[in-house]
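First comes the structure, then the notes that go with it.
The values are calculated or read from the model by the stated rules, or taken from the named source; none is laboratory data. Keep in mind that this is a model prediction, so the values were computed, not measured. Cβ placement follows ideal geometry from the backbone for every residue including glycine, while neighbour counts extend to all protein chains displayed. Accessible surface is based on the protein model in full, side chains and every heavy atom, while ligands, DNA and RNA are left aside. Shrake-Rupley method; radii C 1.70, N 1.55, O 1.52, S 1.80 Å.
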Amino acid sequence: MSDTPTIHDIAKYAGVSLATVSRVLREPEKVAPARRSRVREAIAHFNYVPNAMAQQLRQPRFRTILVIIPDISNLFFAEALKNIENVAHQLGCRILIGETQRKQERLDHYVELLTSRVADGLILFGSLLPGVLRDSVEAGLPLPFPLVLAEGSVHAANCPRVKIDNVQSGEMAVRHLIASGRKRIGMISGPRPYTVSMERLEGYRRALDGAGLEQRGDWVVEGNFSMESGYEAMAQLLTCPERPDGIFCASDEMAIGAQAAIREKGLRMPDDIALIGFDDMRFAAYASPPLTTIRQPAAQMGEAAVRMMQAIFRGETIEQPTIILDHELVIRESA
């Protein structure tokens with residue numbers, strides 16, 4: 001145990017879940033007396049005090065929203081965060097930002113800002129679910145704090161979410177390659193454990209199935225949404241005995257890396273290899289050649305998530321608990 005006790009220490013000592021400790025701290029009347037007593041005994045044992053930052057950061061007229069993203073360097077999340085902050089400022093809310101680097105322990109660490117009442121609600125990007133929320137979902141209990149899911153597809157009952165249809169958009173990308181005459185189509189996917197990656201991969205497979213085109217394991221290489229991984233994946237694809245003539249990249253950053261690998265081999269886009277990305281980040285139009293891509297509305301996604309959270313704070317009924325935003329095929333010169 002660290003020198004400073006945490007909510008994890010309280011839960012372990014009391015023999016209860018993190019969700020139970022959170023409810024005792026926030027809504028003790030909703031916890032059975034025996035469990036409430038054990039938690040309070042653990043709090044006294046450790047002399048635990050919820051994070052003192054709460055007193056400094058919170059004022060009665062403000063609400064604080066914690067926004068958790070997988071990767072702060074990813075331009076999609078940067079665009080979404082920019083609009084989240086702008087809209088939150090207009091609504092009189094504060095924003096705290098946490099980056100998980102796609103690691104569960106980092107996610108659970110940031111969520112302590114909610115269980116210690118530094119923050120009032122969570123906007124969660126990505127495909128990981130905090131342990132305290134997983135405990136609540138598995139036990140069929142109400143969520144311990146307001147939650148809005150954005151971009152990813154983790155599962156939490158009765159939770160508002162805003163996203164695009166990743167399967168349909170992935171299928172649209174590959175159908176464009178097929179329509180341009182490509183017969184040997186590969187994919188640079190995102191990390192396989194993550195739902196967004198798997199959904200875009202499913203869209204790729206559906207499009208090939210619908211066209212009766214061959215699917216080969218060596219034509220699908222996993223990246224991690226970075227330019228470096230796109231370069232390495234494309235270099236691997238270029239070594240295939242039968243080289244693909246079209247590539248769908250699950251992010252623009254990976255597509256930019258893939259372009260570098262293609263140019264390095266003296267190949268032309270789209271003549272030798274047609275390439276399509278995903279996101280339509282600002283740099284996509286200035287790539288070499290300009291990148292054909294699927295536009296994902298990052299700014300609108302951020303705004304919708306904040307407005308959903310504001311409705312929860314006000315106790316309003318959310319008429320549309322799942323918002324699926326439109327995606328768009330942006331045709332440029334790479335495919």
Unique match (being in a strand (DSSP E or B) and within 16 Å of the chain's Cα centre (by Cα)) among L129, L122: L122
Residues satisfying the stated conditions in region 155-178, i.e. in contact with a helix residue (DSSP H, G or I) (Cβ under 7 Å, 6 or more places away or on another chain), modelled with pLDDT under 95 and among the β-branched types (V, I, T): V162
Breaking point among (1) crowded, with 20+ Cβ neighbours inside 10 Å; (2) closer than 18 Å to D280 by Cα; (3) without any contact (Cβ under 8 Å) to a residue 60 or more places away in the chain, for M227: (1)
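Going by the conditions given, is I331 over 25 Å from the mean Cα position of the chain (by Cα) and in contact (Cβ under 8 Å) with a residue 60 or more places away in the chain?
yes
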Failed criterion for M198 (all others in (1) out of contact with any Gly (no Cβ under 9 Å at 6 or more places or on another chain); (2) under 26 Å from P70 (Cα atoms); (3) among the aliphatic types (A, V, I, L, M) hold): (1)
Scan of region 177-193 for residues that are of a type outside the set (A, V, I, L, M, F, W, C) and surrounded by fewer than 21 Cβ atoms within 10 Å (Cβ to Cβ), ordered by number: S180, G181, K183, R184, P191, R192, P193
Subset of region 303-335 (residues that are in contact with a Leu (Cβ under 7 Å, 6 or more places away or on another chain) and not in a helix (DSSP H, G or I)): R332, S334, A335
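Restricting attention to region 126-154, which residues are at pLDDT 90 or above and either touching a Ser or Thr at 6+ places or on another chain (Cβ under 9 Å) or open to solvent by less than 10 Å² (accessible area, probe 1.4 Å) (or both)?
Within region 126-154, the first condition is being at pLDDT 90 or above, and the residues that meet it are 146-150.
Within region 126-154, L147, V148, L149, A150 meet the criteria.
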Check on G315, free of Cβ contacts under 8 Å to residues at least 40 places away in the same chain, out of contact with any helix residue (DSSP H, G or I) (no Cβ under 6 Å at 6 or more places or on another chain), over 18 Å from R200 (Cα atoms) and of a type outside the set (A, V, I, L, M): yes
Candidate set from region 114-125 (those that are over 18 Å from P321 (Cβ atoms) and either at pLDDT below 85 or in contact with a helix residue (DSSP H, G or I) (Cβ under 6 Å, 6 or more places away or on another chain) (or both)); member that is most open to solvent (accessible area, probe 1.4 Å): R117
Candidate set from region 246-290 (those that are touching a Phe, Trp or Tyr at 6+ places or on another chain (Cβ under 8 Å) and of a type in the set (V, I, T)); member that is most open to solvent (accessible area, probe 1.4 Å): I256
Residue selected from region 90-113 under the condition among the aliphatic types (A, V, I, L, M) and surrounded by 18 or more Cβ atoms within 10 Å (Cβ to Cβ), by the criterion nearest to the chain's Cα centre (by Cα): L107
